[in-house]
Amino acid sequence: MKRVKHMKTRSLWMSAVVALVWPFSVLAEGYPDRPVLVTVAYSPGGATDFQARIVTMMAAQESYLGQPLVIVNKPGAGGQVGWNWFAQKAKDDGYQLAAYNIPHFIAQSIVFKTKYSIDNLEPIANWGADPAVLIVNKDSQFNTANELLDFAKQNPGKVTISGAGQFTGHHVAMLQLAKAAGVTFKYIPTKGGVKALQRVLGGDVTAGFNNLSDSYRSRDKLKILAIADLERDKEFLPDVPTFKEIGVDVDNSSVNFRGIMAPKGTPPEVINKLAMKIPPMFQDKKVIKKMQAGGSPMRVMSRDDVIAMWKERQAYLTDLLKDLKKK
Amino acid sequence: MEFLDYLPQVFTWTNLSILVLGTVGGLILGATPGLSPTMAVALLIPFTFQMAPAPALILLGAVYTATVAGGAVSAILVSIPGAPANIATLLDGFPLAKQGRATEALHYCFISSFIGGAIGVFVLIFFTPVLADVALQFGPSELFWVAVLGVTVIGSLGTTSVLKGLFAGAFGLWISTVGYNPVVGEERFVFSEHLTGGINIIAALIGLFAIPQVLTMLEDSGRSGSVEMFKMEEHKLLASFRANLARVKALIIGTISGVIVGIIPGAGGQIAGLIAYDQTKKFSRSKERFGTGEPEGVIAAESANNAMVGPSLVPLLTLSVPGSPTAAVLLGGLLINGLFPGPDLFTVHAEVTWTFINSLLVAQVFMLVFGLTISRYSRFVTRIPNHVMASAVTVLAVFGTYSVQNSMSDVFVMMTLGTAMYFASKFGFSPAPVVLGVILGPIAETNFLEGKLIAESGDGLMPYFFTGTINVVLVAFCFLSIAYSIFSEVRKIKKQREDTA
């Protein structure tokens, strides 16, 4: 017993000395020595949850984190419950991370009194980007986006557009399109993207904004008119033009980015280590294969790129949503 | 008969052991309050990452089938539905158990689940091309009327008084509006931070059913110190089979309701059992026996919620539009294996797809066999002393509620609703209408709001909600259902007056 105690004291002393001499790297060296929790603010089985589970599946490998990333679902109020909890209650010791959805959570933090904003969250890395596409039913009278816009100009208030909920990428794309073309649409928010797609397939709405991946899967029952991104999607939809190409000023602000973030106050060495180790983990061959099989478009981005992207979106969305603000 | 070509594929050692594992595990998960079929399937998907497509889907399918049936076990034995789909099972299942007929009730439950489930899978096999487009006919207006049809059932559920049933239902509808609404994008009635996420259906379900049950158990055990909750008679399996098959009407009504509700996307299996229960009651000559331990009630409810499983996959496999919340999660399981819903599924991936569908059929058999085995041991549950049972149920209730969304707020909501329900039950209110209100409220409301938005930019509100064949048929059903309830209530009162006079 005595010896154990002695050893314990000695190791304590040693670590204290080391900590004094080389305080920061020690923290990062030992990190992580237990599983790390990743909060997903949506239900199990949804697109974000599904992708988060795939991209984190290799974390336990020595070359990445050496410890598993464990997904914990805290759904509710379109993500607000989980993100509020994360910004307020999550420990900033590096063992609690969360998945983010852009532009969704930034838009929410602008419109609602949320406990989170880009100021109290630290991005780690981005894994995916799903652009919104403008879709109509196969039997629709419209064959191009411009035909739809012309119709909307002549029939104000008659065009309905479905999308996944309020202040999501789909909603942002709709607002942008309405503003750029100088028309008004009636937005039909549904609970989740699958429901929004169903409204288009069933002919309940004139058109819809939906995820590229989901629309691509139902392409034989749809007409995909345009893509709200800066470039065409060469892999899945090489023939679908961007809005810019057809002369409508809609950029990539509605692209749904997904990635991992930490609460503010997490030690910088831990953040740096995660920012270094996680992007290669997203690019693991097995991860890429599973993501491709699921039809989930990937876009791995480093921490610095994500910081810039968050700031850009914050500025743009504050302007776009200023009339909808509820604070 | 293409499915027969692929039937042998199911009978490999790997697939069979996965089926056994999935069925037994599913029955246990299903019987645990809080672990609904949707959650069970969602949590299993990551485990299938390392498996080949066919075994992975077989596992998910077997778990889906077994959890739906397993939820009836706790409904019958301890009066807590394992999932929302089992509420209707409880209404007559628990009274049966109280009379010492728990084994018999469980027999009915698994036999009817098997019959309903197998027919459901056959519908999936033979009618998928015919039924595929039916799902798309159900837009916001149609779904709104489906929910209203559900609401008309509320008054007659499990209470002695229609008025009290309606009050309880209205309370349920009201609390379902708490929280963030996805269509209007606003928060409502959020006077406490714990209510931001709204009233979770599972939390409400567990609280309303389990907590009053626990408090009643403690009340009784203090008074008499009774060791036995209720006695249990042995029941011959063969007699159960005979009795079950004799009740053809309940089986037919249950199975048909389940199949129809399964195909309608968004209605969810949760109301399949309730609609079947209500219809069976209306068509029965001995209505007054329902709610007091009528086997037909259990048979209708269980055949319906299992008949829902197969058809809920019809719109999923053809259009990637899920017919139930669990089917929505299953979509993830398909995608990760590279199986995209659509025509390809039955041509390019025919082997995996048909093996999966066939395994659903075989899973029904396993579910029957293991379910009946479990029924034999259920008497041990009923021998547990009340105070032990009460603490076990409390632990399960808290654990089950927390695990749904990893949220302590849900546990507070569960406890509050449960305690309130305990006092309300002293005045003759019952929990089933409240839960039904919580389930139907959001379906009716979001679809009405969506429909209203669409109607305003089109032909206007009245034409949108009252034209179209399906709308008209559903509205007619709603009127019939209400008229019938009033009619039978008036007749009941008249009869009572005659009796007393």
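Please treat every number below as a calculation from the coordinates, not as lab data. In this text the structure is predicted, and so the values were computed from the model without any measurement. Cβ atoms come from the backbone with ideal geometry, glycine included; neighbour counts cover every protein chain shown.
What order do you get for B:370-376, B:147-153 when each peptide is scored by the mean count of other beta carbon atoms within 10 Å, highest first?
Going by the mean number of other Cβ atoms within 10 Å, highest first, we get B:147-153, B:370-376.
Can you figure out the FRET efficiency of residue B:489 with residue B:99, using R₀ = 22 Å and their beta-carbon distance, to the nearest 0.05?
For residue B:489 and residue B:99, the calculated efficiency is 0.25.
Once every Cα of the stretch A:206-327 carries one equal point scatterer and solvent is ignored, give the base-10 log of I(q)/I(0) from the Debye formula at q = 0.10, 0.16, 0.20 Å⁻¹, two decimals.
Values, matching the q order: -0.44, -1.03, -1.28.
Students often forget the sequence filter, so: which aspartates and glutamates lie under 15 Å Cα-Cα from residue A:290 once same-chain residues fewer than 8 apart are removed?
List returned: A:49.
Treating only the Cβ atoms of Lys and Arg (+1) and Asp and Glu (-1) as charged, compute the dipole magnitude of the protein assembly as shown about its Cα centre; round to the nearest 20 debye.
Dipole magnitude for the protein assembly as shown comes out near 1920 debye.
Enumerate the amide H contacts of residue A:121 below 5 Å, restricted to partners 5 or more residues apart or on another chain; note that Pro and chain-start residues carry no placed amide H.
Here the answer is A:264, since their amide H atoms fall under 5 Å of that of residue A:121.
Say R0 is 30 Å: what FRET efficiency, to the nearest 0.05, do residue B:377 and residue B:161 get from their beta-carbon distance?
For residue B:377 and residue B:161, the calculated efficiency is 0.20.
If you keep only loop residues by DSSP, which trypsin sites (Lys or Arg not before Pro) in the stretch B:243-335 have at most 13 other Cβ atoms within 10 Å of their Cβ?
B:285
From Cα pairs below 8 angstrom and at least 6 apart in sequence, can you work out the relative contact order of the stretch A:132-227, rounded to a whole percent?
After rounding, I find 47 percent.
Measuring from label point to label point, each 7 Å out along Cα→Cβ, what is the residue B:186 to residue A:288 span in nm?
Rounded to a tenth, the inter-label distance reads 4.9 nm.
Between Rg and the Kirkwood Rh of the stretch B:234-383, both from Cα atoms, what is the Rg to Rh ratio?
1.05
Send over the semi-axes of the stretch A:132-227's equivalent ellipsoid, whole angstrom and largest first, taken as the square roots of 5 times the C-alpha gyration tensor eigenvalues.
Equivalent-ellipsoid dimensions as semi-axes: 18, 15, 11 Å.
Let me know the mean shielding of A:77-85 by other chains, meaning the per-residue number of their Cβ atoms within 10 Å of its Cβ.
Counting other chains' Cβ atoms within 10 Å and averaging over A:77-85 gives 5.
Would you mind computing, in nm to one decimal, how far apart the modelled labels at residue A:92 and residue A:119 are, each placed 7 Å from Cα along Cα→Cβ?
1.4 nm
To test your reading of the geometry: what angle, between 0 and 90 degrees and rounded to tens, separates the Cα axis of helix A:2-21 from the longest principal axis of chain A?
The angle comes out at about 60 degrees.
Is there a pair in B:287/B:426; A:89/A:277; B:98/B:236 whose C-alpha atoms are over 20 Å apart, and which pairs would that be?
B:287/B:426; A:89/A:277
Would you kindly state the longest site-free stretch of chain A, with sites defined as GluC sites (Glu not before Pro) in a DSSP loop (not H, G, I, E, B) surrounded by at most 15 other Cβ atoms within 10 Å?
Between the exposed loop sites, the longest stretch runs A:63-230.
From the convex hull of the Cα coordinates of chain A, what is the mean projected area in square nanometres?
Result: a mean projected hull area of 18.6 nm².
Compute a Gaussian network model of chain A, connecting alpha carbons closer than 10 Å, and tell me which residue from A:91, A:113, A:74 fluctuates the most.
The residue with the greatest mean-square fluctuation here is A:113.
How big is the Cα convex hull of the stretch B:46-94 in projection, averaged over all directions, in nm²?
That works out to 3.7 nm².
Determine the shielding of peptide A:45-52 by partner chains: average, over its residues, the number of Cβ atoms on other chains within 10 angstrom of each Cβ.
Shielding by partners across A:45-52 averages 5.
Please give the calculated 222 nm ellipticity per residue for the protein assembly as shown, where each DSSP H segment of at least 4 residues contributes -39500 (n - 2.57) and the sum is spread over every residue; nearest 500 deg cm²/dmol?
Theoretical 222 nm ellipticity from helices: -19500 deg cm²/dmol.
Two-decimal Rg/Rh of the protein assembly as shown from alpha-carbon positions, Kirkwood Rh?
0.98
Compute the relative contact order of chain B as a whole-number percentage, counting only Cα pairs closer than 8 Å that sit 6 or more residues apart in sequence.
Computed over chain B, the figure is 29 percent.
At 7 Å along the Cα-to-beta-carbon direction for both residue A:220 and residue B:365, put a label point, then send me their distance in nm to one decimal.
The modelled label-to-label distance comes out at 3.3 nm.
Which GluC sites (Glu not before Pro) does the stretch B:426-501 hold that lie in a coil by DSSP with at most 13 other beta carbons within 10 Å?
Sites meeting the loop and neighbour criteria: none at all.
Taking a quarter of the surface of the Cα convex hull of the stretch A:207-257, what do you get in nm²?
3.7 nm²
Among all lysine pairs in the stretch A:132-227 that are eight or more places apart or on different chains, how many have alpha carbons less than 19 angstrom apart?
Close lysine pairs under the 19 Å cut-off: 10.
Can you give the FRET efficiency to the nearest 0.05 for residue B:427 and residue A:246, using r as the Cβ-Cβ distance and R₀ = 51 Å?
Calculated transfer efficiency: 0.20.
Could you tell me the relative contact order of chain A? Use alpha-carbon pairs under 8 Å, at least six residues apart, and round to a whole percent.
With pairs under 8 Å counted, the relative contact order is 25 percent.
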